[in-house]
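The values are calculated or read from the model by the stated rules, or taken from the named source; none is laboratory data. Note that the structure is a prediction, hence the values are computed from the model and not measured. Here Cβ is always computed from backbone atoms with ideal geometry, including for glycine, and neighbour counts include all displayed protein chains. We work out accessible area using only protein heavy atoms, side chains counted, and drop any ligands, DNA or RNA first. Shrake-Rupley method; radii C 1.70, N 1.55, O 1.52, S 1.80 Å.
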Amino acid sequence: HESLETLYQPFIGKHLNVEKLRKSQKNIETVLKNTFKTNREDYEEGKNKIIYQVIKSSLENFIKDEINQLQQGAEIKLIALEQDIKTSLSLKNNKKVYIRGIIDRIDKKNGVTRVIDYKSGLVNSSQLVINSMNTICKDHNRSKAMQLMCYAWMYSRNNELQSLSPGIVSLRKLNKGFMKIKIKNSLNELVGESEINSFEDELKELISEIMNPNISFIDSGL
């Protein structure tokens, strides 16, 4: 994450272009070595040497993929990186709480605003299919989808967006590209206002339950 942020920092507020991305490719080793040094990690010996090479390869492939998208006619504008975001949530008992998070990347591709979460591990697209918004806060198998919906809700409320596309980029599965949330039986590929409102209702219920002293926490065994 740190290295991606450093490499893409100059593009914030601008459209990506092939020439500058190629220059960023040449800076990967320098940026990555500095990241290791900043975190006081050795990159020349032991398992860290392997980790270094894996990350280096992922960064190279990530930028290469974005260059390919641009060459195929895509238009991508980078809006923000590591966006710290906070949104208020009014509960039924008139109490107000604040939800806070950090969104890895926000961009606009071909006119569609995307809320992107980077994952270093493996992610299956099936984990991002929402069968029903009524169960999204209760099904631990949909934790990644819930996280994305939470980011989408926060960003939508702060920017008054009617629709957007939240999704994950798995740095271990870059060939899968941008894996976006899919809502079962929805005719729209984007997350719209109705889905945002439905998620907010579920989030209110979850937070109210968490704050209720009469409801005990249960160890899920995970």
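Selection of the stretch 47-76 for residues being open to solvent by 30 Å² or more (accessible area, probe 1.4 Å), of a type in the set (D, E, K, R) and under 19 Å from K108 (Cβ atoms) yields D65, E75. Of L148, L187, all but one fail to be under 19 Å from the mean Cα position of the chain (by Cα) and not acidic (D, E); the exception is L148.
Cβ separations smaller than 7 Å between residues 6+ apart or across chains give no pair from the stretch 95-119 residues that are closer than 13 Å to Y155 by Cβ and part of a loop (DSSP other than H, G, I, E, B) to residues that are open to solvent by 10 Å² or more (accessible area, probe 1.4 Å) and hydroxyl-bearing (S, T, Y). Residue pairs whose Cβ atoms lie under 9 Å apart, separated by 6 or more positions or on different chains, with the first residue in the stretch 1-23 and free of Cβ contacts under 8 Å to residues at least 24 places away in the same chain and the second of a type in the set (S, T, Y) and assigned to a helix (DSSP H, G or I), are P10/S24. Go through the residues of the stretch 179-194 one by one and say whether even a single one is of a type outside the set (V, I, T), out of contact with any helix residue (DSSP H, G or I) (no Cβ under 8 Å at 6 or more places or on another chain) and open to solvent by less than 50 Å² (accessible area, probe 1.4 Å). Within the stretch 179-194 (the criterion being of a type outside the set (V, I, T), out of contact with any helix residue (DSSP H, G or I) (no Cβ under 8 Å at 6 or more places or on another chain) and open to solvent by less than 50 Å² (accessible area, probe 1.4 Å)), the answer is yes, since at least one residue qualifies. Every residue in the stretch 163-222 that is in a loop (DSSP other than H, G, I, E, B), within 25 Å of V97 (Cβ to Cβ) and not hydroxyl-bearing (S, T, Y), please. I181, N212, P213, N214, I215, F217, I218, D219, L222 - these are the residues of the stretch 163-222 that are in a loop (DSSP other than H, G, I, E, B), within 25 Å of V97 (Cβ to Cβ) and not hydroxyl-bearing (S, T, Y).
Scanning the stretch 93-136 for residues that are farther than 12 Å from L78 by Cα, charged (D, E, K, R) and open to solvent by less than 30 Å² (accessible area, probe 1.4 Å) yields one hit, D117. Please verify whether the stretch 161-178 includes one or more residues that are over 21 Å from Q69 (Cβ atoms), of a type outside the set (S, T, N, Q) and in contact with a Leu (Cβ under 6 Å, 6 or more places away or on another chain). The answer is no; no qualifying residue exists. Take the conditions (1) in contact with a strand residue (DSSP E or B) (Cβ under 7 Å, 6 or more places away or on another chain); (2) outside any helix (DSSP H, G or I); (3) at pLDDT below 95; E5 misses just one of them, which is (2). Against the list (1) over 30 Å from F199 (Cβ atoms); (2) modelled with pLDDT under 95; (3) of a type outside the set (G, A, S); (4) open to solvent by less than 10 Å² (accessible area, probe 1.4 Å), the condition L21 fails is (2). Is one or more of the residues making up the stretch 70-83 farther than 19 Å from S165 by Cα, out of contact with any helix residue (DSSP H, G or I) (no Cβ under 9 Å at 6 or more places or on another chain) and either of a type in the set (S, T, Y) or assigned to a helix (DSSP H, G or I) (or both)? Looking for residues that are farther than 19 Å from S165 by Cα, out of contact with any helix residue (DSSP H, G or I) (no Cβ under 9 Å at 6 or more places or on another chain) and either of a type in the set (S, T, Y) or assigned to a helix (DSSP H, G or I) (or both), one finds none in the stretch 70-83, hence no. Of all the listed residues (K77, K144), the sole one being among the basic types (K, R) and more than 25 Å from F11 (Cβ to Cβ) is K144. Within the stretch 62-85, residues that are touching a residue at least 40 places away in the same chain (Cβ under 8 Å) and acidic (D, E) sit with their Cβ atoms under 8 Å from residues that are open to solvent by 70 Å² or more (accessible area, probe 1.4 Å) and in a loop (DSSP other than H, G, I, E, B), at 6+ positions apart or across chains, in these pairs: E75/N110; E82/H1. For the stretch 120-136, a tally of residues being over 15 Å from the mean Cα position of the chain (by Cα) and not in a loop (DSSP other than H, G, I, E, B) returns 6.
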